2 protein chains.
Amino acid sequence: MRPAPDWRQLSLPQQVARLLVVRGSGHLGDGQRRYPRWELPNAELKRLLGEGVGGVILLGGSAAELRWRTDQLRRWAGHDLLLCADVEEGVGQRFEGASWLVPPLAIGRLHGSDQARALALAAAYGRCTGRQARLLGLNWVLAPVCDVNNNPANPVINVRAWGEDPATAGRLAAAFITAAQAEGVLCCAKHFPGHGDTASDSHLELPVLPHGRGRLEAVELPPFRAAIAAGVATVMTAHLQLPELDPGRPATLSPVVLDQLLRRELGFGGLVVTDALVMEAIAGRWGAGEAAVLAFEAGADLLLMPADANVAMAALLAALGSGRISRERLELSLQRRERALEAVAPALAGAGSGSEAVEGLESSSERALARELGEVSLQAQGNPGLPPGPGLNLIRLDSTLANPCLPLMAPALQRPAQSGYAACLIDGRSPSPWNSNSAAPLALERLPPGPVLLQLFVRGNPFRGSAGGEEPWPAVISQLLAAGRLAGLAIYGSPYLWQALQPLLPAGLPAAYSPGQMPLAQAILLDALDLTGGGLEGGFTD
Amino acid sequence: MRPAPDWRQLSLPQQVARLLVVRGSGHLGDGQRRYPRWELPNAELKRLLGEGVGGVILLGGSAAELRWRTDQLRRWAGHDLLLCADVEEGVGQRFEGASWLVPPLAIGRLHGSDQARALALAAAYGRCTGRQARLLGLNWVLAPVCDVNNNPANPVINVRAWGEDPATAGRLAAAFITAAQAEGVLCCAKHFPGHGDTASDSHLELPVLPHGRGRLEAVELPPFRAAIAAGVATVMTAHLQLPELDPGRPATLSPVVLDQLLRRELGFGGLVVTDALVMEAIAGRWGAGEAAVLAFEAGADLLLMPADANVAMAALLAALGSGRISRERLELSLQRRERALEAVAPALAGAGSGSEAVEGLESSSERALARELGEVSLQAQGNPGLPPGPGLNLIRLDSTLANPCLPLMAPALQRPAQSGYAACLIDGRSPSPWNSNSAAPLALERLPPGPVLLQLFVRGNPFRGSAGGEEPWPAVISQLLAAGRLAGLAIYGSPYLWQALQPLLPAGLPAAYSPGQMPLAQAILLDALDLTGGGLEGGFTD
């Protein structure tokens, strides 16, 4: 890599391009992209990087593939890039082969009973994420979520949060940040000023938060203050309407929220990045160009996933030309970007060869961490063991397709199969398992016979399925109990669903909850129910 | 890579180890293995390679990951390895990111109407497969299938064959071999003496082929003769019982079949490799050690996937110690192995850097080949276009889980969705879509309403589902026609299913068949039905 040219020597269009963070696939080939609608094809990505675009957010691909990819993108750019990913739950959450950890809220709950251990685990979580991100060529971890999940119906934050109260969320997020940034990556506190108390999904519409300053000071802001005190390098804005603060603009576009509150009052001197500007609530209302200009004017330094990168750059250039945006303001953002990159450059330079990185990616202590997090967050009740099969292994999940939680050898499939329990998968695209009897909603005649092990993979709003309809799990529990067919219950993801269903269970019924959904979480949970592996799918944990 | 030591200087255990080809994952991490029951964990693989094991068969992982993996395995071994994969339908069939081509039988069918084009396509198929395999570090392509698929009910060969008659299969297989080996890899003609006329699956039980020498000469042997004449480097044995030739032993273990027929009568001087010895029909009956010794005694040089590599090596050493196997016989096999490796060593040495290999993996001519094969093998009828939605996109497939044909952006999902057709997926693990009325077997009340686009992903025996039960697709066609709800039909895979269902369709009904199941085949087929992409999932073909 040749040394990056000083941004002061760049042309104005190149300087503007540095502000953008566009989205690409972690896969090398265009044909491998998971979301071609959102992920730029390589020709376009290469052109934009050549024109000076300063960052890429990556999704998809294995860890090994990502290592090729980050090298490739840096080569295409020829200048220092910000390469980031939404690796909130370990790098393995997005890139197969890296460590995939249970969601942060698990540690938030532990904090109530064992603060020291929770803080130590949050730091280990940050170290693991920062180290693996750096080894794969990322220099910017879009975590931690600093939202306080005080609304169990929140469909978009939920278990991604580090706490359900401000103090917990703040302490743990700060521990994560300190540890991750010490590994040589930038962190990102999100979503400012706090997305925890919303019940609608900002990917679809603009949620409204009715709170004023007093309430924000009490609940939403403390974790961000803690993150800033811990030295977090970047903060991401929320696509939220806060009419008490700014009746006209969502937080992402609001000078009151970004410039006044975040910069001046909270004293944040690092990089402010928008959440994805392509989201309908922003791009649909303001358009790709004006949304970028408004966000920059409001105080953002970096513009994530503009709906159209070319339009956004042209609009920013026009705003600079007309004096709507000053050169000084542009230079301030570029200085902040430069400072951030300087802080992580030595770590990246010392990352070593690709084969060392990908072959030694998960250290033994990180493997132990993943297991410890799975074990400490497990909850179980009842007598272990299932009635002898043939039985039914009824699995509810958002989607069976391309689901990283359910490889063919997933413990949730394989272990019940060894006990003679035949898998039946319910998702939004399966033939309906429901009949019209609300007291006994499961159409048992459409399913294999025998005792039922019910396994529910639910992360977000526990009573809203992927198709938006309500799923009557409490009634199903009652129905199966009345029929004498409930053999066991496993819940992966939502603590709120576990809290709702566990009281319905007889004391002896084997049942357990894990906040994680990945194969390791399944193995740990099914171990607790005495559905052991017999070696067949051994290797998930070694 | 240091130069390989002459095998004559190796210890006897190391010499014996060279005969083995064990199975590993194309993934780097143990936790990523798709089939941990069959794929050795890294510690075991590393140990075996260190002890001198001579080959690895790989499955799983992306092309980019495979490139790391083959480097790693060669490093672990420190000697020349045979690295192979079952890439019968392009390297992309097993390793995402490489070219994935429609099954060979499509070219076999074209050969009936356009021999020259079929031969040119078979050669291009071989070039594409050989070149990409070499770039990713493989030196041995376990193709072509030389079985004559003259039994449409064959559950295991089927569309993998290059022809339904001996002359077609032989000519096309030879064209494939010549082109692929010119790219610097070894090919493998399989499964000797011919697996095409079986109706049971040798993965599960030992099929019996009642034919004598005359019939074999007329049907089964000509493609193998053609492959040998084309210089094929290796031949794989079949797990088949041929009582007319050898009443006691399956072909893999039979000196009559291997030594007498293949070596002496057909004059094959290359490497003979067994099919996977771990298959129940072999390992279950003879055991891991004796199966290896019997196969070697019968004439095999290389032993693929012994049920237990350590037991197999110990048994071979014991047989050498007792004189049951002679040192001359061992040396003959090692000489053949050395000659084969020498033939491909220059190509591997010239393979270039990893980033060149993975970034430029699929050339523009290979991309065009994949498209041409998809287009030339498409069959369509009726008037294009579907009735306006809301409608039902009913998809039948073997498994929704980890299915590479159905990424979330698969054309088979996305394009009907754009016309308002909601996907419903039927596989062996879905709630049953069937009722007890054999004349109208589909329980329509369990499915979304509206006109039905029926998409069937069926490759093997077309009337046997993954659960072994019969699926009544002819009755479903009649049922939907009678209800006025059949909007269209797409069949991906089996030409025999298309031949069975197409006569039931009204002339104007939009319907099409592709032998391929991958996203590109879906895009081409749905283009023909005028379900165009609108750019949403663009990129599958570029």
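The values are calculated or read from the model by the stated rules, or taken from the named source; none is laboratory data. As the structure is a prediction and not an experimental result, all values here were calculated from the model. Note: ideal-geometry Cβ built from the backbone for every residue, glycine included; neighbour counts use all protein chains shown.
Quick notes
- Unmet criterion (only one of (1) in a helix (DSSP H, G or I); (2) under 25 Å from B:Gly137 (Cβ atoms)) for B:Glu375: (2)
- Here region B:332-364 is the region considered, the condition is being of a type in the set (S, T, N, Q) and within 14 Å of another protein chain (Cβ to nearest Cβ), and the residue that is surrounded by the most Cβ atoms within 10 Å (Cβ to Cβ) is B:Ser355.
- Qualifying residue in region A:406-426 (condition: at the interface with chain B (Cβ under 9 Å from one of its Cβ atoms), under 30 Å from the mean Cα position of the chain (by Cα) and not aliphatic (A, V, I, L, M)): yes
- Taken as a whole, region A:404-413 holds at least one residue that is surrounded by 18 or more Cβ atoms within 10 Å (Cβ to Cβ), without any contact (Cβ under 8 Å) to a residue 60 or more places away in the chain and outside any helix (DSSP H, G or I).
- Checklist (1) within 23 Å of A:Asp71 (Cβ to Cβ); (2) surrounded by 23 or more Cβ atoms within 10 Å (Cβ to Cβ) applied to A:Phe176, failing item: (1)
- Of all the listed residues (B:Pro306, B:Pro390), the sole one being touching a strand residue (DSSP E or B) at 6+ places or on another chain (Cβ under 8 Å), over 24 Å from B:Gly61 (Cβ atoms) and either surrounded by fewer than 20 Cβ atoms within 10 Å (Cβ to Cβ) or not hydrophobic (A, V, I, L, M, F, W, C) (or both) is B:Pro390.
- Subset of region A:72-89 that is more than 14 Å from chain B (Cβ to nearest Cβ) and among the aliphatic types (A, V, I, L, M) - its residue that is nearest to A:Leu361 (Cα to Cα): A:Val87
- Residue check, B:Asn461 within 14 Å of chain A (Cβ to nearest Cβ), modelled with pLDDT under 95 and surrounded by 15 or more Cβ atoms within 10 Å (Cβ to Cβ): no
- Yes/no for A:Gly468 being farther than 13 Å from A:Leu397 by Cα, at pLDDT 95 or above and in a loop (DSSP other than H, G, I, E, B): no
- Condition met for A:Ile477 (of a type in the set (A, V, I, L, M, F, W, C), within 14 Å of another protein chain (Cβ to nearest Cβ) and surrounded by 19 or more Cβ atoms within 10 Å (Cβ to Cβ)): no
- For the residues B:Arg69, B:Arg47, B:Arg109, the requirement of being more than 9 Å from every other protein chain (Cβ to nearest Cβ), in a helix (DSSP H, G or I) and touching a residue at least 60 places away in the same chain (Cβ under 8 Å) singles out B:Arg109.
- One residue alone among A:Leu447, A:Leu442 is among the hydrophobic types (A, V, I, L, M, F, W, C), crowded, with 21+ Cβ neighbours inside 10 Å and either in contact with a Gly (Cβ under 7 Å, 6 or more places away or on another chain) or within 11 Å of chain B (Cβ to nearest Cβ) (or both), and that residue is A:Leu442.
- A:Arg329 vs. criteria basic (Lys, Arg) and surrounded by fewer than 18 Cβ atoms within 10 Å (Cβ to Cβ): yes
- Screening region B:1-44 for residues that are assigned to a strand (DSSP E or B) and under 30 Å from A:Ala368 (Cβ atoms) and picking the one that is farthest from the other protein chains (Cβ to nearest Cβ) gives B:Val22.
- Those residues of region B:17-73 which are modelled with pLDDT under 95 and among the acidic types (Asp, Glu), in sequence order: B:Asp30, B:Glu39, B:Glu65, B:Asp71
- A count restricted to region A:383-405 and to residues that are among the hydrophobic types (A, V, I, L, M, F, W, C), farther than 14 Å from B:Asp427 by Cα and at the interface with chain B (Cβ under 8 Å from one of its Cβ atoms) stands at 1.
- Among (1) within 11 Å of chain B (Cβ to nearest Cβ); (2) in contact (Cβ under 8 Å) with a residue 24 or more places away in the chain; (3) within 15 Å of A:Ala490 (Cβ to Cβ); (4) outside any loop (DSSP other than H, G, I, E, B) - the single one A:Arg367 does not satisfy: (3)
- Residues that are among the aliphatic types (A, V, I, L, M) and at pLDDT below 95 within region B:144-193 comprise B:Ala153, B:Val156, B:Ile157, B:Val159, listed in sequence order.
- Test: residue in region A:300-308 that is under 15 Å from A:Ala17 (Cα atoms) and assigned to a helix (DSSP H, G or I): no
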